[in-house]
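Below is one structure; the comments refer to it alone.
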Amino acid sequence: MKTLKPILLLVLGVLFTMTSCRTEDDLAIDPPTEETIEANSMVANLMSRTASNDGSSDNIIDNASCLSVQLPVTVTVNGIELTINDEDGYQDIEDIIDLFDDDIDSVVISYPITVILIDYSTVVVNSDSELAALTANCVGENEDDDDIECIDFQYPITASVFDENNDLINTITINNDNDMYDFIDDLDEFAAVTINFPITVIFPDGSTQTINSIQELEDAIEMADDTCDEDDDNDFDDDDCDNCTTSDLETVFADCSEWTVDKLERNDNDLEDNYVGYVFEFNSDGTILVTQGSNTFNGTWEASGSGNNISVVINVTGLPDFNDTWNLHEIEQDDDEVDVDLRLGDDRLRFESDCQSGGNIDDTALVNALTSGDWYVTYFFDDTDETADFADYVFNFASDNTATASDMSGTTNGSWSTTSGDDTELGLNLNFGTGIPLDELADDWDVLEVTNDIIRLKDVSGGDGSEDFLTFEREPFDGGNGNDDLESILTDGLWIVASYTEDADDQTSDYAGYELDFNIDGTVSASNGSNTNNGTWSVFSSGNQMTLNFGTDMPFEEFNDDDWDVISVTSTEVVIQDVSGGGGGTDTLTLQKL
């Protein structure tokens, strides 16, 4: 809440040399009694609490509102090391924590660190146990601490100091909260002290008030106390919608016409897989149209409130899992996707959209192939190879977005639809209900490859970030998945870099003249006659992924990655792709055989 930074108290003015005798030339000023601040008085206590160090902004690191960690500090968040140099870094920590909903989050501090206590004194801390000892006296989690964060002083403020003879002996300039806290703490050292009014106080919404007396100041602080969310708890993302408005929500719903369900949790049950292939349209007139294959559902939506208190009422006939009064938790926008996150206690509902209509996605090849003839699952990988579970099924996809999966025991009805992928341009939604094992196929799959004979799909699991793979082919499962021979293809002859792009940046020319030789022992060399890069390579996930590592050798160090996705494989061309973890840019490498 507070943004004013503590520094050492600066006292401007010099104490006058006093004698036991006063002359007519001595200046005597009687301080106004009603403006005198006395040590341990009500107003002094309120001013001290207002100026004390607010340790709540970094609770995501130290879990304590009664102290703050002096920056910079290095932390490791879910295995990723970050150096936090300013308060913007707290959001970086939260972004990593928010990547997945079902993982175990950890923030590990690199010691030693320096912590700032409520009185601005500092302590060097060398371990978690030392930090825990300091925070033991803090108020409990989800309780307010003693400082007042809903009002701030506008600095500088000046104060007059008098001796026992009512002589003005000093004028103090107070420049920040640290100065103010020390000033109040030292009041018992002075005979009399007054604040030089008027002064200005600031409220969380940016508004101000001019204060002309001690009584006005006391009243203003008392009235402001507990009038805002001081964010003293450890719910780090409960303020992600501070600046949200209903207009913001209306705008994203108007700009993005097709929304899918990314997360739905009700009463500790994850239900999003039940709604794969459902497309929501939130219209400006307050109506909702939901389509799923040939099925349609109609409903209404309404938003009211502001900031973190925006209520979103959803009511769709036939879809009771969505019907409730939700709280708008966050609107998150990046270059490729918009998320609208709703909460209701522990229940969650998150819609996502790529802000493109289905007609703008070039999915003709996928639709034509998918709806032409029967398909078989020839590879399914979810932590382990589970392809055999689908060996007896024949899949058929109709042009009306319905689908069937048939085996000896009967036929299961399902649905399919196309959209844009998370990591690829094209996505395929599948849903065959909750029956085992077909429930495993219910997901929003990224399309890696489409021909008339093979469709290869990938999905990044929401829990731990692992990748699942699904391959359909025209012939039944025979133990292969279409990429089993990638190793033998790469080790048979020399290869060149036909294309390499980092997002939209074509860097192919950097590799002109190089020939790559993949060896069966897992080594690889790239040479242009005058420069040789040596590295390692491997293929895993049954040919759906590979690694490359050239160390620091330039220019092939650009290819270093542990999880290239294999997009397509022929005897003369291999295309692999990687989506960068930071900005989400896509690297695509095409190798051609000489």
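Of note:
- Residues in segment 378-403 that are touching a residue at least 12 places away in the same chain (Cβ under 8 Å) and assigned to a strand (DSSP E or B): 12 in all.
- Segment 290-315 - residue that is among the aliphatic types (A, V, I, L, M) and in a strand (DSSP E or B) and, of those, farthest from T251 (Cα to Cα): V290
- Matching residues in segment 156-196 - criterion: being under 14 Å from I37 (Cβ atoms) and in a loop (DSSP other than H, G, I, E, B): D186, F190, A191, N196
- For segment 396-411, residues that are loosely packed, with under 13 Cβ neighbours inside 10 Å and either touching a helix residue (DSSP H, G or I) at 6+ places or on another chain (Cβ under 6 Å) or under 23 Å from T296 (Cα atoms) (or both) total 2.
- For L470: the one exception among (1) modelled with pLDDT of 90 or more; (2) not in a strand (DSSP E or B): (2)
- Looking only at segment 223-261, and only at residues there that are over 25 Å from N63 (Cα atoms) and in contact with a helix residue (DSSP H, G or I) (Cβ under 7 Å, 6 or more places away or on another chain), the one that is modelled with the highest pLDDT: V261
- With respect to being among the polar types (S, T, N, Q), closer than 30 Å to D268 by Cα, modelled with pLDDT under 85 and surrounded by fewer than 20 Cβ atoms within 10 Å (Cβ to Cβ), Q333 fits the description.
- Top-ranked residue in segment 146-166 [being surrounded by fewer than 20 Cβ atoms within 10 Å (Cβ to Cβ) and at pLDDT below 90; ranked as farthest from A192 (Cα to Cα)]: C150
- Segment 256-300, residues that are farther than 15 Å from L428 by Cα and touching a Gly at 6+ places or on another chain (Cβ under 6 Å): I288, F297, T300
Let's see how each residue does on (1) surrounded by 18 or more Cβ atoms within 10 Å (Cβ to Cβ); (2) at pLDDT below 90; (3) outside the structural domain of S294 (by TED's automatic domain parsing):
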| site | (1), (2), (3) |
| --- | --- |
| D374 | no, no, yes |
| E386 | no, yes, yes |
| A391 | no, yes, yes |
| T418 | yes, yes, yes |
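- Scanning segment 108-126 for residues that are within 20 Å of V75 (Cα to Cα) and without any contact (Cβ under 8 Å) to a residue 60 or more places away in the chain yields a count of 13.
The values are calculated or read from the model by the stated rules, or taken from the named source; none is laboratory data. It should be emphasised that the depicted structure is a prediction, and the values quoted were computed from it without experimental measurement. In this analysis, Cβ positions are derived from the backbone assuming ideal geometry, glycine residues included, and neighbour counts consider all displayed protein chains.
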